[in-house]
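Engineer: Let me give you the structure first, and then I'll get to my questions.
The numbers here are math on the coordinates, done by the rules we state, and not lab data. In this text, all values refer to a predicted model and were calculated from it rather than measured experimentally. No Cβ is skipped: glycine too gets one built from the backbone with ideal geometry, and neighbour counts run over all protein chains shown.
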Amino acid sequence: MPELTASLTLPHLAAELGAYLSARGWQVTAAESCTGGGVASAITATPGCSQWFEMGFVTYANSAKVRLLGVSETTLADEGAVSRAVVEQMALGAKAASGADLAVAVSGIAGPSGGTRDKPVGTVWFGWADAAGNVSSECYVYQGDREQVRHQACVTALRELVRLAKV
C-alpha cells in the first residue's frame, strides 16, 4: 500500500486515493453541490482513474438531489440542503446509484451571497459512506472567496476519502 503523504494538493490527493483504491479493487463516487464537480474533476485528472472512478453526480438543485440521489424532500424542507442529514443521504444515494465502495457528498455555501447567521458563507457539510455502509459527516466553515471555499472543500473531501480507502 502507498504511504499517506503530507501534501494537500488536489492532484496529489487524487493520485494517492487512486493508489489505495486500485490496491483494493475499489471504486469511488462523488455527489457534489457547491463544489460543482471539483472533486470529480480532480479525480478524472489522474491518469488511470477509469480503474477506480466510473461516475459522479453534480446535484446543485434540490430537485436533482431528490431525483438522482434519493434525498428526502421532507429532509430538504426541514433541514435545508446544507445539513448533516442531506449530505448523509446524498452519500448513501450516490453509493447506491453508482455501486461504488466509497462515496463523498458535499453541500455548502460558497458565496459570496447565500449565507445566514446560522450558516454563514463558507459553511460546507460533508458526508462519507464507506465500504461497510457506515456514514460519517462533518461541517467546516472555511474562510476566503468562492473559489477558495470550493478548493478547500475539494481538499477536505479527497483527504477523508484517502483516509477511508487506506483503512
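Engineer: Using +1 on the beta carbon of Lys and Arg, -1 on that of Asp and Glu, and nothing else charged, what's the dipole of the chain about the Cα centre, debye to 20?
Structural biologist: So the magnitude is around 80 debye.
Engineer: Any idea what angle helix 10-24 forms with the longest principal axis of the chain, computed on alpha-carbon atoms, 0 to 90 degrees, nearest 10?
Structural biologist: Roughly 60 degrees between the two axes.
Engineer: Amide H to amide H under 5 Å from THR123: which residues, 5+ apart in sequence or cross-chain, H placed 1.01 Å off N in plane?
Structural biologist: So THR123 has HN proximity to ILE109, TYR142.
Engineer: Additional query: Restricting to the chain, what percent of DSSP beta bridges are antiparallel, rounded to 5?
Structural biologist: 60 percent
Engineer: Moving to a separate point now. Give a residue-ordered list of calculated ³J(HN,Hα) values for region 53-64 (Karplus: 6.51 cos²θ - 1.76 cosθ + 1.60, θ = phi - 60°; whole Hz; x for Gly, Pro).
Structural biologist: For region 53-64, the Karplus-derived couplings read 9, 10, 7, x, 10, 9, 10, 6, 7, 4, 4, 6 Hz, x marking Gly and Pro.
Engineer: Here's another thing I want to ask about it. Just to confirm the number: angle between the C-alpha axis of helix 84-98 and the first principal axis of the chain, 0 to 90 degrees, nearest 10?
Structural biologist: Long axis of 84-98 versus the principal axis of the chain: about 40 degrees.
Engineer: Still on this structure, I have one more. Could you work out [θ]222 nm for the chain from helices alone, using -39500 (n - 2.57) per DSSP H run of at least four and dividing by all its residues? Round to the nearest 500 deg cm²/dmol.
Structural biologist: Calculated mean residue ellipticity at 222 nm is -13500 deg cm²/dmol.
Engineer: Another one. Would you indicate which of (1) 53; (2) 45; (3) 48 is the value of percent of Cα pairs over 20 Å apart derived from the coordinates of this structure?
Structural biologist: (2)
Engineer: Something else: Tell me, what HN-Hα J-couplings in whole Hz come from the Karplus equation 6.51 cos²θ - 1.76 cosθ + 1.60 at θ = phi - 60° for each residue of region 136-142, using x for Gly and Pro?
Structural biologist: 10, 8, 7, 10, 10, 10, 8
Engineer: By how many degrees, 0 to 90 and rounded to 10, does the Cα axis of helix 146-166 deviate from the longest principal axis of the chain?
Structural biologist: 50 degrees
Engineer: For a quick check: with amide H placed at 1.01 Å from N, whose amide H comes under 5 Å from THR29's, ignoring anything fewer than 5 positions away on the same chain?
Structural biologist: LEU102, ALA103, VAL104
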